[in-house]
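Notes follow once the structure below has been shown.
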Amino acid sequence: MKVLITGGAGFMGSNMVHYLLGRQENVEVVVLDKLTYCGNLENLRDLDGNTRYHFVKGDIADQKIVDEVVGGGVDVILNYAAETHVDRSILDPTAFLYTEIIGTYNLLESTKKFGIKKMVQVSTDEVYGSTVDGLFTEETRFDPSSPYSAAKAGADHLCSAYFKTYGTPVVVTHSCNFYGPNQYPEKVIPLFITNLIEGKKVPLYGDGSNVREWIFTEDHCSAIEMIIEKAASGSVYNIGTDYRISNIELTQKILALMGVGEEMIERVKDRPGHDWRYAVDHTRLTQELGWRPRVDFEEGLKKTIAWYREHEAWWKPLKSGAYLEYYKQNYASKGHMV
Ligand code: NAD
Ligand code: TDX
């Protein structure tokens, strides 16, 4: 089976590349990635020379490159490529619209044109907006709050429309928040961990009462693997863990595990349009496909903190802005298609 993973140089995409290659010997992976500030070939460096892994630099908003890669022989497409940071979408939504909407449209067109067996659209629970005390089911009406989640919702609607109109074999997932090794240090967990390693305070938005549901990398990968194997075309699955925690509780856990006190919290202005609570009902995935999460949050958080402690060389250039220069020097002349 040949699997195209768009956005495979990013956080969860690269975790999925490793997960699939590690678990299934008959799998070949092609990564198509634009290498934005978030795409990092360091995440895939250990695969250099692996004959079951191929890397192509390209933009999913460019139909020509998408057709070339998909038409080159692919069985399954996993669309991880996206602009993913809510705060950046508030500052400038442009790239979010191109990548999320035009990019997903291009992948759907190529899926249709080349008779691809399955496309999985890796989406988010944020499309449902915020809920005070309920749970999001797959029937919950989309009510996005940020340009990021509105763009993801637009892409998800396109997937549904392609299935209804053309029978395009697409499956959409709505996952809760990811965490784990290799996450770009702008997202709350790696930002807070790396700030504390550097002796800096952690910027907590608003009163810290906002609630998020968290899933560790391997658990998200196992859900997507099961969806590749078993999900019917046109189906939609929420991916969640039932592990929900407020940002202040999350911060306190990180501070405790890192051996520092609450004086390291800096209360800052709230995010505009900040969703208060996400809560996912994943009954369908569990009952229909038999999936369940396995990693306990404390265990995953400890592993994540240990990884950032051991990989300063990975995140320091990202925080200092030196990554692109480093990347040009280390990769551009070494046979990568960049
Ligand atoms: P990330 O930001 O770490 O990586 C995104 C990757 O996509 C990068 O490698 C980037 O270079 C690539 N990319 C961006 N624009 C591209 C384009 N136009 N063409 C080709 N490649 C492009 O992402 P992540 O946090 O691992 O999220 C992966 C997917 O999962 C996204 O679709 C996101 O919406 C979804 N998701 C994320 C979370 C979360 O908590 N991070 C939760 C639910 C769903
Ligand atoms: O510095 C911060 N301080 C803070 O209090 C940052 C970066 C965040 N926060 C808060 C905002 C959120 O309530 O922490 C929470 C998590 O923030 P992010 O890590 O930015 O994630 P979130 O906004 O929840 O979105 C994430 O999960 C869903 C991903 O970035 C999305 O791509 C995904 O779809």
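See the values below:
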quantity	calculated
Calculated from backbone phi, Karplus (6.51, -1.76, 1.60) coupling profile of the stretch 314-319 in Hz, x at Gly/Pro	7, 9, 4, x, 5, 6
Helix-only CD estimate at 222 nm, as mean residue ellipticity for the chain, using -39500 (n - 2.57) per DSSP H run (n ≥ 4)	-12000 deg cm²/dmol
The stretch 40-188, relative contact order [Cα under 8 Å, separation at least 6], %	26
Potential extension, D242-E262 segment - 0.36 nm per residue separation minus Cα distance	4.5 nm
Accessible area expressed per residue, the chain, with surrounding protein chains retained (probe 1.4 Å, Å²)	42
Length gained when the stretch R284-Q63 is fully extended (0.36 nm per residue, less Cα-Cα span)	76.2 nm
Reach of K253 by Cα under 18 Å, taken over lysines that are not fewer than 8 positions away in the same chain	K187, K200, K201, K302, K303
Euclidean distance of C-alpha centroids, the stretch 155-177 and the stretch 236-296, integer Å	25
Taking the C-alpha atoms of the chain, convex hull volume expressed per residue in Å³	127
Rg ratio (alpha-carbon, reference 2.2 N^0.38 Å) - the stretch 74-183	1.08
Carbon and sulfur %, accessible surface of the stretch 159-233 computed with the full protein complex present, 1.4 Å	53
Computed label-point distance, nm, for sites I197 and R141 using a 7 Å Cα→Cβ extension	4.5
Shape parameters for the stretch 20-122, alpha-carbon atoms, Rg then Dmax in Å	14.3, 43
Dipole-positive endmost among L301, A231, I77 within the chain (Cβ charges, Cα centre)	I77
Whole-Hz couplings from phi, Karplus 6.51/-1.76/1.60, listed for the stretch 278-293; x for Gly and Pro	10, 8, 10, 8, 9, 3, 4, 5, 6, 6, 7, 10, x, 7, 8, x
Globularity index of the stretch 1-65, i.e. its alpha-carbon radius of gyration over 2.2 N^0.38 Å	1.04
Full-stretch length increase - A232, D133 - with 0.36 nm per residue and alpha-carbon distance subtracted	32.6 nm
Long-range tail of P(r) for the stretch 137-295 (Cα pairs > 21 Å, %)	54
Percent carbon-and-sulfur accessible area, the stretch 1-72, ignoring ligands, DNA and RNA, probe 1.4 Å	46
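The values are calculated or read from the model by the stated rules, or taken from the named source; none is laboratory data. Note that the coordinates shown come from a computational prediction; the quantities given were computed from them, not determined experimentally. Note: ideal-geometry Cβ built from the backbone for every residue, glycine included; neighbour counts use all protein chains shown. Keep in mind that these areas ignore ligands, DNA and RNA; they rest on the heavy atoms of the full protein, side chains included. Shrake-Rupley method; radii C 1.70, N 1.55, O 1.52, S 1.80 Å.
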